[in-house]
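The values are calculated or read from the model by the stated rules, or taken from the named source; none is laboratory data. Please read all numbers here as calculations on a predicted model, not as lab measurements. All Cβ positions, glycine included, derive from the backbone under ideal geometry; neighbour counts span all protein chains shown. For accessibility, only protein heavy atoms count, side chains too; no ligands or nucleic acids. Shrake-Rupley method; radii C 1.70, N 1.55, O 1.52, S 1.80 Å.
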Amino acid sequence: MIDDVIARWHRFVAGELPGGLDGLLAEDVVFHSPVVFTPQRGKAVTTLYLQGALQVLGGGGAAFTYTKQVLSGDTAVLEFETSVDGKHVNGVDIVRCDDEGRIVEFRVMLRPLQAIQAVHEQMGRLLAAGEQR
């Protein structure tokens, strides 16, 4: 099941998944941000964070690249590289799905510290701008 979920995730990142995240995320999905202490719960907030993260990290752009993936059971670990504000970013997405092929947990981990700070700044601005609309 995780193979299909990750294939659809890659299509989403490339901008080629009809319906976007709606059919990919479970209603009660939990998102773990590298810069927010509290897990974010629910499809709406997870969609907001994932779309923002892809915008900041350059998903679908030339700089953002998944370099490795490990799939096992209901879990995938996807390593990626990109740059933000001229800083190299190395990260990992840990994705877990349910039996219906929906993502129930999405965890993002980043390194090094300068990259985390740059992503935190840009995500903060992006989310704040979205709240003001």
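Odds and ends about this structure:
- Think of the chain as a dipole: +1 on every Lys or Arg Cβ, -1 on every Asp or Glu Cβ, centred on the Cα centre; then among ALA129, ILE94, THR38, ALA129 lies furthest on the positive end.
- Between THR75 and VAL36, the C-beta separation translates, for a Förster distance of 22 Å, into a calculated FRET efficiency of about 0.55.
- Carbon/sulfur fraction of accessible area - the stretch 30-107, other protein chains in place, 1.4 Å, %: 52
- Longest exposed-site-free window of the chain, the sites being GluC sites (Glu not before Pro) in a DSSP loop that have at most 13 other C-beta atoms within 10 Å: 17-99
- Extension gain for ASP3 to ASP85 (0.36 nm times residue separation, less C-alpha to C-alpha distance): 26.3 nm.
- The three principal axes of the C-alpha atoms in the chain carry coordinate ranges of 38, 34, 28 Å, sorted with the longest axis first.
- Largest-first principal axis extents, alpha carbons of the stretch 1-59, Å: 30, 25, 19
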